[in-house]
Amino acid sequence: MASISFKNVQKTYDGNVVAIKNIDLSIKDREFMVLVGPSGCGKTSILRILAGLEECTNGEIYIDQKKVNDLPPKDRDISMVFQNYALYPHMSVKENISFGLKSRETKGFLHRLFHSKEYKSIMNSIETRVQKVSKLLSIEHLLLRKPHQLSGGQKQRVALARSIVREPKLFLMDEPLSNLDASLRLQTRTEIIKLHKKLGITTLYVTHDQIEAMTMGQRITVMNNGEVQQCDTPENIYQYPANKFVAGFIGYPPMNFLDGELSVSKNEISVSCKDIKLSLHHNNILKNKILEKIPLGNKKIILGIRPEAIYDTIESAGGWPVENNSFEAKIDNIEPLGSQNIVFLKHGDTTLVSTLNPRSKIKEDQIKHFFINLDQIHLFDATTEQSLLYPLKSESHI
């Protein structure tokens with residue numbers, strides 16, 4: 001297996017288009033790391049640079065503490081799974097799985113080994129490995145079919161089998177599930193996680209889908225504009241986002257953001273956002289965090305509230321006094337999802353989104369009080385958009 005390190009890696013195109021900005025990132029041996037971010041954030045460029053398909057403009061890349069910048073792709077012992085499967089249409093499943101292995105094992109030997117025992121031994125070994133990996137992925141009954149005879153999920157399994165059969169040091173996966181429907185994505189996601197647990201091969205997985213990132217990654221690297229925004233466990237990224245971008249990108253429905261002002265004194269700590277005012281002084285944990293990290297006085301901030309932190313009963317919101325955490329709003333729209341309702345609330349000219357229990361007795365156009373769980377709010381600096389409460393040390397170098 002292998003560890004990976006990017007040290008001050010930069011990639012520019014045409015001399016002035018910066019795709020990756022001085023990235024430092026370490027991936028542990030046997031780790032399943034997910035790169036997630038919007039289109040154009042640089043995540044696929046990182047994958048291609050690691051694979052040797054592109055050169056970085058500056059910086060160093062290490063695999064198992066060995067610098068690989070000048071190493072050709074074939075010598076990096078990396079296997080890549082692509083978004084479009086990249087199967088050879090004229091070959092059977094069996095031939096697709098074994099093609100790369102045969103090329104690698106027999107290159108330069110075919111002309112002199114065709115009838116030799118050594119050649120036959122190599123072919124038998126490849127046959128055994130193909131059968132083994134086919135059974136692992138439950139595609140042994142498909143070995144004689146051509147790609148056009150397969151479903152999307154079956155094609156993806158064949159692409160995975162072709163990568164696994166080589167027994168590489170690293171797996172690189174570039175949005176491998178994006179062409180599958182929702183149910184197949186769920187099934188294949190589970191299969192990939194199980195495979196990683198069985199094989200223990202270091203994996204770098206690229207996606208723009210936050211659900212894939214949260215459910216698959218042992219750690220997640222959130223990227224935007226060619227920069228690492230945060231690298232941490234899924235739980236920490238969700239609970240303690242480092243900045244407004246991470247907070248808004250991870251989580252569905254997205255976090256609510258309100259511009260406001262934080263007032264900090266020894267006697268009172270409050271947040272004012274137009275006519276919503278939250279008194280935080282009675283929340284000892286939050287009060288201590290604020291007094292520890294933020295100087296006394298007034299400060300422009302952005303208040304972040306996840307939809308699940310807005311409730312229609314005060315008991316569900318943690319039981320804080322009504323005057324500390326409540327606001328009145330009109331129910332503008334309700335989207336029932338079965339397990340929960342996504343509720344759009346209109347408070348003046350501000351729209352807030354809440355996720356409520358489907359058994360809640362609420363109706364569209366109803367005006368009522370809603371309550372915010374003060375244990376779950378986030379505060380971001382209005383200028384830098386960095387978290388004021390959780391400026392946690394990045395785990396990207398661990």
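Some observations on this one:
- For region 208-227, the set of residues classified as surrounded by fewer than 24 Cβ atoms within 10 Å (Cβ to Cβ) and assigned to a strand (DSSP E or B) consists of Arg219, Asn224, Glu227, listed by residue number.
- Residue, surrounded by the most Cβ atoms within 10 Å (Cβ to Cβ), within region 134-172, restricted to residues that are β-branched (Val, Ile, Thr) and modelled with pLDDT of 90 or more: Val158
- Matching residues, region 4-55, being basic (Lys, Arg) and buried (at least 22 other Cβ atoms within 10 Å of the Cβ): Lys11, Lys43
- In region 56-100, residue surrounded by the most Cβ atoms within 10 Å (Cβ to Cβ) [restricted to those that are assigned to a helix (DSSP H, G or I) and small (Gly, Ala, Ser)]: Ser98
- Ile201 in contact (Cβ under 8 Å) with a residue 60 or more places away in the chain, among the hydrophobic types (A, V, I, L, M, F, W, C) and surrounded by 18 or more Cβ atoms within 10 Å (Cβ to Cβ): yes
- Some residue of region 161-176 being in contact (Cβ under 8 Å) with a residue 12 or more places away in the chain, touching a strand residue (DSSP E or B) at 6+ places or on another chain (Cβ under 6 Å), in a helix (DSSP H, G or I) and of a type outside the set (A, V, I, L, M, F, W, C): yes
- Residue match in region 34-44 (condition: at pLDDT below 95, of a type in the set (D, E, K, R) and at positive phi): no
- Region 228-251, residues that are under 13 Å from the mean Cα position of the chain (by Cα) and of a type in the set (Ser, Thr, Tyr): Thr233, Tyr238
- Residues that are at pLDDT 85 or above and of a type in the set (A, V, I, L, M, F, W, C) were ranked within region 106-133; the one that is surrounded by the fewest Cβ atoms within 10 Å (Cβ to Cβ) is Val130.
The values are calculated or read from the model by the stated rules, or taken from the named source; none is laboratory data. On a predicted model such as this, the values are computed, not experimentally measured, just so you know. Counting neighbours? That spans all protein chains shown, and the Cβs are built from the backbone with ideal geometry, glycine included.
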